[in-house]
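Derivation of every value follows stated rules applied to the coordinates shown; laboratory data play no part. This is a predicted model, so every value here is computed, not measured. Here the Cβ positions follow ideal geometry from the backbone for every residue, glycine too, while neighbour counts run over all protein chains shown.
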C-alpha cells in the first residue's frame, strides 16, 4: 500500500475534473469541480415523513459523495452503497405501513397478529417462526405469500400501490439484480460521478414514492406533467404538419389552407414535449402522453371563433399505469383505444377479442397483445403482469368484459363518440397479424 501524506489526501483527484455541466471533456478547476458535483446531488431531497434511518443513510451518501473530488474511488463506493439502501427503505416503509402490527396466516389457516413491530429484523425473526405464512396485501387485503427478501418487498410495495408504472417493474428488477451483484461481488469495478449520481437519483425517487411523493421531472416515478391547449395543423395539399400553442394563432390572417384540431397536450418545447403529437388520432391512442380533443377539425376562422369563447387553459396528467383496450378480430389487430372511446363504438366494430391492458404508453400495450396473438406459445403472459414486457393484462374477452375490467381499475367507461379525425401520416389504425400454431 502506498503511504500518503495529509497533503496527498487533500489534493484533488485529476480524474474528476473532466466532468462538467457541458458533458465530458474540458477540465474544470478544482473549486468549480466541487461546486458542480455538489449542485448535482443537491437537487435530490427526500419527502417529509421518510423514516429517520432511511433519511440518515441517504444524507450520509450525499455527504460522502462530495469527497469523490478528492478520491475518485468514493464514487464507486457511494453507488454501491446506494443499492443497499433500497432494501433499507423498503424495510422501513413496511414497518411504518403496518403501524406496529402485522397480521399473518399460517398454512394451517391460523391467523396471528404480531404486535409491537418496530424493527424489521425483529419482525422477520418472529415471522420465520411460523411456516407457510402469508400476509394481507392489496386493496382487497388478500392473503399473499411473503418471503421478506428484497424481491418480496418490491412485490409487496407494488401490491399496496406504493410503487407504480409498468416500465418500472423491469427497472425494479434491475435494481434488485445490481444490489445482489454488489452484495455478492465476483470482480472489481470502477464507477464515476455519473453512475454514482444516477444511483442517488434513483434512490431518492424510490424513497419518495414509497412515502407517497412523486418527483417533478423524475425518470422513474415522475409527478403529473403539465398539459396546455395546443393546436395541431396540417396542410392537405403539401402534407406539412405544424404544432404550437393555441394562443399563438391569433394573427391578422383569418383564412388559410390548413386544417386544425385543438387538443390538451404535453407541449412545452425545451421542457416537456410529446414527440408523437403528429400521430394524434381521435379514435385511437397513438401519442406518448394522454392527449384530449377539445375542438375540431376545422379551418382557421372556425378555430379562432371557438377560441373567443374558450380561452386556453392548462392542467396536469398522470401518464403511468394507463388503461388501454386493444381489439383483435380475425387476422386484424387494432391499435389501442381509450375505454370510453371503445365503449362508444357502433355494434359493427365491437366484435372480436378485446384486451384490457395496463401500460405506461400505448405502444407497450399494442406490442404485448401482438406478441400474445401472433405466437401460440408466446412467453408473454395472457393474464396478469407480463414478465417479458411492460404490460399487465387485466382481462381478455368480449368488449363488455374488457370494459368491466377497466372500470374496476378505476377508469371512466362512459361511452363517448368523438369525431373521426386524425392527423394525416403513416401511423396505421390496424395491422394484419400472422397467426402461427
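Worth a mention:
- Between 417, 250, 167, the Gaussian network model of the chain with springs among Cα atoms under 10 angstrom shows the greatest mean-square fluctuation at 250.
- For segment 98-149: relative contact order, % (alpha-carbon pairs under 8 angstrom, 6 or more apart): 32
- Cα-based Rg and Dmax for segment 98-149, where Dmax is the largest Cα-Cα distance (Å): 10.4, 27
- Rg/Rh for segment 231-329, where both radii come from Cα atoms and Rh is the Kirkwood radius: 0.98
- Cα gyration tensor shape for segment 154-313, rounded if a/c is under 1.5, else prolate or oblate: prolate
- Listed by Cβ neighbour count within 10 Å, with the fewest neighbours leading, 80, 318 appear as 318, 80.
- Over the chain: helical MRE at 222 nm, DSSP H runs n ≥ 4 each giving -39500 (n - 2.57), nearest 500: -11000 deg cm²/dmol
- Ordering 135, 241 by the number of other Cβ atoms within 10 Å of each residue's own Cβ, fewest first, gives 241, 135.
- Remark: relative contact order (the chain) = 12 percent; criterion is Cα-Cα distance under 8 angstrom and separation of 6 or more residues.
- Stokes-Einstein translational diffusion, the chain - Kirkwood Rh over all Cα pairs, 1.002 mPa s, 20 °C, in µm²/s: 85
- Taking only Cα atoms of segment 5-137, radius of gyration then Dmax in Å: 21.9, 67
- Sequence of 48, 281 once ranked by neighbouring C-beta atoms within 10 Å, starting from the fewest: 48, 281
- Between 101, 82, 246, the GNM of the chain built on Cα springs shorter than 10 angstrom shows 101 fluctuating the most.
- Candidates 121, 212, 384: whichever shows maximal mean-square fluctuation once the chain is modelled as a Gaussian network with Cα springs under 10 Å: 121
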